[in-house]
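Everything below concerns the one structure shown next.
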Amino acid sequence: MQYAYPLLAILIWAGNTVVTKMSAGSIFPAEIGFYRWLLAGLLFTPFMLKPVIAHWAVIRPNLGKVFILGVLGMAVYQSLAYFAAGLTSATNMGIILSLMPLMSLAMAIISLGQRLTAGALVGAVLSLVGVLVVVSSGSLAVLLEHGVNLGDAMMLIATLAYAIYSTLLKKWHLKLPKLVLLYLQILVAVLVLFPLFVISPKTGLTAQNIPLVLYACLLASMLAPLAWMQAVVRLGPSRTTLFFNLLPVMTALIAALVLREQLAVYHLVGGVLTLGGVIVSERWTTALGRRISVA
């Protein structure tokens with residue numbers, strides 16, 4: 001039963017990558033990004049006002065940090081994914097997103113003083129090659145000639161933004177209940193995305209796109225984080241993080257079933273290399289050199 005929580009979260013997030021792809025053409029990226037967090041904020045508010053007031057003494061001196069976390073983890077990450085969805089496939093998005101744990105590990109080595117391991121080094125090379133295979137559609141010559149697809153580039157930046165977010169979350173270790181911190185970041189996303197929503201062209205809410213907004217809000221923004229938090233409590237952060245490796249596999253399967261996306265050989269090769277790199281980095285923990293000191 002304890003494994004149901006991380007599996008549910010990963011299944012919802014994999015589905016959300018497909019929903020993000022489905023939103024392309026039915027609602028503008030700035031619209032769904034804003035509506036998603038606005039609705040989540042409205043639904044959370046009745047339950048979170050008292051906890052926020054109770055913890056205001058801790059929140060107030062950390063408002064700047066909360067703002068940065070909200071911008072990186074909620075606004076930048078998901079908004080870029082919505083823009084990328086119109087330019088690349090859900091399968092590509094899932095494989096690129098699987099780089100996030102490795103990016104977070106690299107940043108932990110640089111900024112948190114974590115030791116560089118042999119697995120991290122070898123895993124970084126494997127995962128980089130895997131992503132290059134995917135974004136080049138299996139032809140590195142084409143990649144060198146035409147460069148990276150704009151959608152894939154956006155997804156890489158989105159993944160990097162979330163990796164920075166994860167690193168700062170660990171580094172700052174804000175002494176707030178997880179739900180309070182999540183709620184505050186949602187409010188930041190609403191605030192930051194509102195100007196983009198105002199100036200963006202609008203489709204408006206329709207029978208076609210309302211289910212996509214509801215999925216992104218109710219499941220991806222509310223239920224999945226709650227399930228993930230419960231998994232961390234029951235399994236611990238290290239064991240829970242391992243389940244993130246299932247994300248590209250689940251995304252590819254859902255995309256094939258729902259969107260009829262064709263899995264090419266380069267998807268399989270790139271996905272195996274990327275996933276293998278992440279697993280090697282997590283499992284091969286032989287330290288290299290001295291511990292990096294952080295001032």
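The values are calculated or read from the model by the stated rules, or taken from the named source; none is laboratory data. Please read all numbers here as calculations on a predicted model, not as lab measurements. All Cβ positions, glycine included, derive from the backbone under ideal geometry; neighbour counts span all protein chains shown.
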request  = Out of Val66, Val71, Val19, report the one residue that is buried (at least 21 other Cβ atoms within 10 Å of the Cβ) and in contact with a helix residue (DSSP H, G or I) (Cβ under 7 Å, 6 or more places away or on another chain).
outcome  = Val19
message = So the check is Cβ under 8 Å with 6+ separation or different chains; which pairs have a first residue in region 56-72 that's closer than 14 Å to Leu176 by Cα and a second one that's assigned to a helix (DSSP H, G or I) and among the hydroxyl-bearing types (Ser, Thr, Tyr)?
response = Leu69/Tyr165
inquiry  = Condition check: touching a residue at least 40 places away in the same chain (Cβ under 8 Å), part of a helix (DSSP H, G or I), surrounded by fewer than 24 Cβ atoms within 10 Å (Cβ to Cβ) and not charged (D, E, K, R). Does Leu49 satisfy that?
reply    = no
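Go over the candidates Gly70, Gly130, Gly94, Gly33 one by one and state the one that is touching a Gly at 6+ places or on another chain (Cβ under 6 Å), among the small types (Gly, Ala, Ser) and either part of a helix (DSSP H, G or I) or at pLDDT 90 or above (or both).
Gly130
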task = Assess whether Thr241 counts as being at pLDDT 80 or above, of a type in the set (Val, Ile, Thr) and either crowded, with 20+ Cβ neighbours inside 10 Å or within 23 Å of Leu112 (Cβ to Cβ) (or both).
result = no
ask   = Name the residues in region 95-114 that are of a type in the set (Ser, Thr, Tyr) and either crowded, with 18+ Cβ neighbours inside 10 Å or within 13 Å of Thr159 (Cα to Cα) (or both), would you?
value = Ser98, Ser104
message = Looking at Val269, Val233, Val249, Val258 in this structure, which one is surrounded by fewer than 19 Cβ atoms within 10 Å (Cβ to Cβ), at pLDDT 75 or above and under 19 Å from the mean Cα position of the chain (by Cα)?
response = Val249
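Of all residues in region 198-228, how many are surrounded by 17 or more Cβ atoms within 10 Å (Cβ to Cβ) and not β-branched (Val, Ile, Thr)? Can you show your working first?
Going residue by residue through region 198-228, those that are surrounded by 17 or more Cβ atoms within 10 Å (Cβ to Cβ) are 209, 212-213, 215-217, 219-222, 224-225, 227-228.
Next, only the ones that are not β-branched (Val, Ile, Thr) stay: 209, 212, 215-217, 219-222, 224-225, 227-228.
Selection size over region 198-228: 13.
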request  = Look at Phe83 and say whether it is assigned to a helix (DSSP H, G or I) and crowded, with 18+ Cβ neighbours inside 10 Å.
outcome  = yes
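Among Ala40, Ala57, which is assigned to a helix (DSSP H, G or I) and closer than 19 Å to Leu218 by Cα? Give the derivation first.
Details: Ala57 fails: closer than 19 Å to Leu218 by Cα.
Result of the check over Ala40, Ala57: Ala40.
This table checks each residue for (1) under 17 Å from the mean Cα position of the chain (by Cα); (2) among the aromatic types (Phe, Trp, Tyr).
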position	(1), (2)
Ala124	no, no
Tyr162	yes, yes
Thr167	yes, no
Leu214	no, no
query = Filter region 166-197 for residues that are of a type in the set (S, T, N, Q) and under 23 Å from Gly15 (Cβ atoms); which is surrounded by the most Cβ atoms within 10 Å (Cβ to Cβ)?
reply = Gln185
note = Among Thr117, Thr91, the single one that is β-branched (Val, Ile, Thr), touching a Ser or Thr at 6+ places or on another chain (Cβ under 8 Å), touching a residue at least 24 places away in the same chain (Cβ under 8 Å) and surrounded by 24 or more Cβ atoms within 10 Å (Cβ to Cβ) is Thr91
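Taking the condition of being hydroxyl-bearing (Ser, Thr, Tyr) and assigned to a helix (DSSP H, G or I), how many residues in region 178-203 meet it?
Filtering region 178-203 for residues hydroxyl-bearing (Ser, Thr, Tyr) gives 183, 200, 203.
Narrowing further to those that are assigned to a helix (DSSP H, G or I): 183.
Matching residues across region 178-203 total 1.
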